[in-house]
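Novice: The following block contains the structure, expressed as structure tokens.
The values are calculated or read from the model by the stated rules, or taken from the named source; none is laboratory data. In this text the structure is predicted, and so the values were computed from the model without any measurement. Positions of Cβ are generated from backbone atoms using ideal geometry, with glycine treated the same way; all protein chains shown enter the neighbour counts. The area values use the complete protein model at the heavy-atom level, side chains included, leaving out ligands, DNA and RNA. Shrake-Rupley method; radii C 1.70, N 1.55, O 1.52, S 1.80 Å.
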Amino acid sequence: MSSSPVSAPTVVTDPRYRAARKLISTGRAADGAIEMLATLVEEAVQKYGEDSADAAAVYYEYGNALFRAAERRRMEEEDIMGKEDEQKPDDAKVAAAMAAEKRAATSEAKKAPGKQDTAEKVDEDRKPAASEQNADVNKSKDGTNDEENDGSEELSDHDLALELMENAFAIYDAYCAETDDADDSGDKKAGDAAKAKAKPYLTWVIGQLPRTLGGIGDVLISQDRHADGVDAYTRVVSLREAAVESYQNQKGGKDDATGTDVSIDFLKARRLLCEANILVAEALLACPRGEDVVTSETGDVLVKAGEILDYTQGYYDKARDELQETVFLMGKIATGTESEEFRLEKENVCYCAQMLGGVGNMLADKEGGEQEKHGEPPDAKKPKTG
């Protein structure tokens with residue numbers, strides 16, 4: 001019940017690209033994905049141009065591999081430190097922090113299987129490329145100690161990942177903007193035909209925009225740039241809403257009784273919208289209390305300090321409503337298919353429900369703390385987590 005495949009850049013059919021994505025999606029970006037993608041970047045730029053959709057596709061995956069592997073390595077290092085600290089029963093803060101990291105790692109692993117298609121984010125792992133390893137050796141020869149090398153290398157990995165992802169997004173965004181100017185005659189059919197001819201990958205690129213922004217948001221959050229993460233994720237929400245609306249307006253493939261689109265693609269679109277709202281809520285909750293949510297580059301005030309919890313509640317409520325719609329749609333689809341694609345999407349929906357429950361609990365704790373400050377009963381206002 002999925003729609004027919006859309007035209008995608010040639011590079012995404014390259015066996016190395018597919019193998020790298022598979023490694024990333026299974027948490028093994030360090031097992032060769034980075035090296036394969038580094039080679040593909042050079043080839044794509046030479047063959048298709050540095051501003052091509054093909055190059056953008058590899059830019060993003062290369063950055064994603066660098067980031068996921070750096071995060072995986074960081075968690076493994078902290079896990080080792082946590083095990084050492086288990087012999088210190090008085091260090092409760094460290095134990096609690098490590099438990100949280102382990103839960104986050106488990107959530108990442110559960111999320112990965114359903115993130116294989118071109119419209120979704122992929123979560124995972126990473127290892128420095130050969131050139132980076134050589135650079136570290138040179139630094140050691142210059143007298144820089146290993147501890148300093150590790151810190152600078154990981155920072156460089158995150159910065160490079162962000163730069164690659166932002167380059168990919170800029171290319172995709174320009175691709176779509178140029179398409180809008182492909183035909184200005186006012187004839188819709190002629191305009192659509194002109195767009196299809198001028199930009200054959202348009203549908204594919206539109207699907208990559210929210211995925212790329214989501215990856216950018218993930219990197220920003222890892223760098224404690226929570227306000228910038230909120231900005232990226234809210235833009236993802238807008239794009240995901242447009243995708244859902246597009247499915248709702250389509251003709252054909254709908255349930256005869258309700259007129260509802262019952263395709264697995266529509267189910268994915270609804271689930272991804274739910275997930276995007278959850279990510280905004282999580283990012284808002286991570287922002288420093290008592291401070292406005294302000295973007296670092298433009299200085300835009302996204303949310304006033306006193307309104308953070310209200311905004312978080314709003315995104316939580318939207319995510320909860322969208323999850324209900326998603327589960328309802330999943331039930332309708334389940335009566336007509338038992339495919340592997342549907343099974344994986346069902347797992348993703350269940351994971352979304354877990355994410356939503358976690359946000360609801362955090363929001364309740366935050367609101368309880370605020371109410372106690374003002375002398376109100378801590379249970380006066382709690383979001384529903386069901």
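Novice: Can you list residues whose amide H is under 5 Å from Leu302's amide H, if they're 5+ apart or on another chain and H is modeled 1.01 Å from N?
Specialist: The answer is Val293, Val294, Thr295.
Novice: Among 299-307, 26-34, 9-17, how do they line up from the highest to the lowest mean number of other beta-carbon atoms within 10 Å?
Specialist: 26-34, 9-17, 299-307
Novice: Once R0 is set to 41 Å, what does the formula 1/(1 + (r/R0)^6) return for the Cβ-Cβ distance between Arg289 and Asp321, expressed as a FRET efficiency to the nearest 0.05?
Specialist: Approximately 0.95, to the nearest 0.05.
Novice: What percent of all Cα-Cα pairs in the range 5-75 falls into each 5 Å bin, going from 0 up to the bin containing the maximum distance?
Specialist: Over the range 5-75, the share of Cα pairs per 5 Å bin runs 3, 19, 29, 22, 15, 8, 3, 1 percent.
Novice: With a 1.4 Å probe and all protein chains left in place, how much of the accessible area of the range 254-361 comes from carbon and sulfur atoms, in whole percent?
Specialist: 50
Novice: Something else about it: Quick check on packing: order 159-168, 270-279, 38-47 by the mean number of other C-beta atoms within 10 Å, highest mean leading.
Specialist: Output ranking for 159-168, 270-279, 38-47: 270-279, 159-168, 38-47.
Novice: For Asp310 and Asn249, what is the calculated FRET efficiency with R₀ set at 30 Å and r taken between the beta-carbons, to the nearest 0.05?
Specialist: Calculated value: 0.45.
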